[in-house]
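Here, each number is a calculation from the coordinates, and none is a lab measurement. None of the values given here were measured: they were computed from a predicted structure. No Cβ is skipped: glycine too gets one built from the backbone with ideal geometry, and neighbour counts run over all protein chains shown.
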């Protein structure tokens with residue numbers, strides 16, 4: 001309590017205690033002096049001063065306060081905090097200071113405050129100007145000297161700081177120590193400083209961008225520069241052994257050209273590696289190749305050894321704005337590797353695999369063949385292809401190099417790549433479908449379906465059928481005789497002749513039965529074929545050596561990728577209503593999966609080369625309709641029935657008729673899996689599964705073969721097309 005008045009009564013001393021420094025306000029009452037512990041209380045001064053909290057003791061609302069006066073019982077959380085004193089008082093022999101702490105006015109006893117504090121820190125500093133003072137110690141009487149040029153433009157370590165009367169000082173050192181390499185104390189305001197921390201000491205690899213400088217210390221000044229110009233080390237590997245933070249900036253320490261240096265993060269970059277697929281040629285013999293990316297000691301020149309050859313590029317690395325490619329003699333980033341080359345030192349193109357489908361081309365006789373696509377002179381296998389002109393080239397791999405297509409196949413026993421321009425463009429791909437039937441078993445199934453042929457078989461009659469023979473003629477005796485399709489009763493019957501019939505005798509032959517047999521006539525019209533003839537037509541090997549006949553295996557569900565302009569010019573020109581409609585046929589093929597050449601062939605046949613009335617437009621129910629494939633044009637009502645179908649289908653333009661008709665054609669057989677002429681005729685998939693024949697387009701054993709002439713005629717007019725042949729294979 002405050003005591004501002006006392007009284008003596010009969011030798012007894014009393015004090016008037018108050019909560020405030022007043023004998024009027026805040027008064028509680030009189031207390032005998034012997035019941036109080038009291039000390040003299042005086043104001044020393046009201047001058048401002050700055051002291052520092054040691055972190056011990058308590059802060060009170062009054063000087064010499066009791067527990068009820070405590071404002072902050074534990075001052076440890078305010079250790080080294082500045083305490084700005086506004087009032088100094090003495091209580092007995094103790095000095096108490098009043099100031100503001102954390103927003104509240106408090107008194108702190110002098111033993112819990114000090115005039116200055118020192119504590120550890122970790123910073124880097126640069127002296128702002130040559131006039132800055134450096135003190136040898138913190139003693140007020142210690143000598144000082146100016147920084148001058150000796151101590152500017154360089155960085156110092158700060159491991160200790162001190163605060164004296166509100167001023168902060170840093171102990172600067174040439175070494176990361178507060179003991180060795182010391183220069184002296186410098187006011188904080190004379191320094192530019194940043195916090196300095198070690199992030200880690202783990203090894204990492206970055207690459208030099210080629211900008212900035214390298215220093216002996218992090219955040220170095222001009223006097224700390226080891227390499228002022230890093231451009232000569234651009235893209236070089238920098239192996240890091242220490243990572244530090246200076247303020248918000250990261251610095252990396254490593255070895256460069258044999259010296260330990262620090263480089264700022266902005267002057268370094270990562271190696272951003274990724275997978276690619278390219279082919280490349282080294283531009284000249286002086287090009288540098290790196291065994292290890294960014295390591296000059298592993299480099300060598302391309303020389304004559306590595307030029308004039310093509311290399312696979314399966315990996316790239318980006319270092320700053322430099323791009324490097326890993327070149328290899330094999331299509332791998334692991335095996336056959338030569339090294340890393342700057343992208344600007346290579347001629348490169350994207351390299352992709354288009355397909356591995358088999359196809360057959362023909363060699364033009366110009367150009368060369370190489371061991372690799374886009375090969376150089378060192379990759380030559382056959383320099384002069386004129387020796388192989390018109391020879392078939394069976395392709396097993398198709399690759400794209402830039403915008404150029406290269407084909408790999410076997411030529412004269414060697415695997416080679418040939419550029420597309422050195423091959424005839426007709427592309428025929430072959431795929432094979434294996435059936436779980438022998439050819440004989442398949443023939444058994446087909447014979448039971450009563451196939452037909454218009455082949456004329458010779459008809460024979462035995463010698464004892466005649467009652468007389470002479471002058472190249474024979475007269476049948478009194479019996480009805482069977483004609484046979486060969487000289488013997490084992491041959492199929494081919495009709496009968498009545499008694500007295502006179503027959504021409506074309507030739508004769510001794511049968512196995514000992515009789516003489518005479519060839520007297522031929523079958524006519526559609527007849528059951530001999531089994532051998534049927535087997536001939538179902539056996540694909542009889543037709544695959546000829547382009548025309550092999551078209552019966554052409555997949556009608558796939559596009560031929562024809563050139564629209566070429567089709568209009570060479571096939572549809574002067575073809576009536578169909579002239580200029582190549583794009584429509586291609587569109588129809590895309591929409592409904594029916595080959596465009598097949599559609600064009602069908603349309604030309606049905607429309608009389610684009611001139612039929614049904615094709616050029618028929619009025620039906622007040623609308624002009626078109627029918628390009630003769631769909632539903634029955635023999636009994638070709639025009640009306642065909643027009644009616646077109647009307648109901650909404651074919652009111654030639655284009656609608658071409659596209660709509662393609663859907664109809666596709667639905668009949670092609671979309672049911674019978675997408676070759678051979679399959680439409682023989683339906684081998686069904687027979688293979690069910691053991692009998694069904695859903696066959698025709699009964700004529702030669703139907704599939706006969707349909708190929710028109711398509712072959714059209715394809716022969718084109719320079720470019722692609723076909724896929726699906727060849728059936730029997731056990």
Percent RCO, i.e. relative contact order, over segment 341-446, from Cα pairs under 8 Å lying at least 6 residues apart: 30 percent
Dividing the mean separation of Cα pairs under 8 Å (6+ apart) by the residue count of the chain yields a relative contact order in percent of 7 percent
Where Rh is the Kirkwood radius over Cα pairs, Rg/Rh for the chain: 1.40
Largest first and rounded to whole Å, the semi-axes √(5λ) derived from the alpha carbon gyration tensor of segment 535-729 read 29, 20, 14
Highest mean first, what order results for 620-629, 464-473 on Cβ atoms within 10 Å? 620-629, 464-473
Alpha carbon centre of segment 95-116 versus segment 176-213: separation in Å? 36 Å
Gyration tensor over alpha-carbon atoms, segment 117-195, equivalent ellipsoid semi-axes in Å: 16, 15, 12
Computed on Cα atoms only, the convex hull of segment 201-269 has an orientation-averaged projected area in nm² of 4.0 nm²
Take segment 35-173, drop everything but the C-alpha atoms, weight them equally and run the Debye formula without solvent; then report log10 I(q)/I(0) at 0.09, 0.11, 0.14, 0.15 Å⁻¹ to two decimals. -0.38, -0.53, -0.74, -0.80
If you average the sequence gap of Cα pairs under 8 Å that are 6 or more apart and divide by the length of segment 478-601, what percent do you get for the contact order? 14 percent
Tensor-based shape of segment 49-114 (alpha-carbon gyration tensor, a/c under 1.5 rounded, otherwise prolate or oblate): rounded
How big is Rg to Rh over segment 287-360, alpha-carbon atoms, Rh as the Kirkwood inverse-mean-distance radius? 1.04
What is the Cα centroid distance between segment 525-579 and segment 461-509, reported in whole angstrom? 41 Å
Cβ crowding within 10 Å averaged over residues, with 239-249, 639-649 ranked highest first: 639-649, 239-249
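By count of other Cβ within 10 Å, fewest leading, how are 141, 35 ordered?
141, 35
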Between segment 237-259 and segment 392-436, the alpha-carbon center distance in angstrom: 54 Å
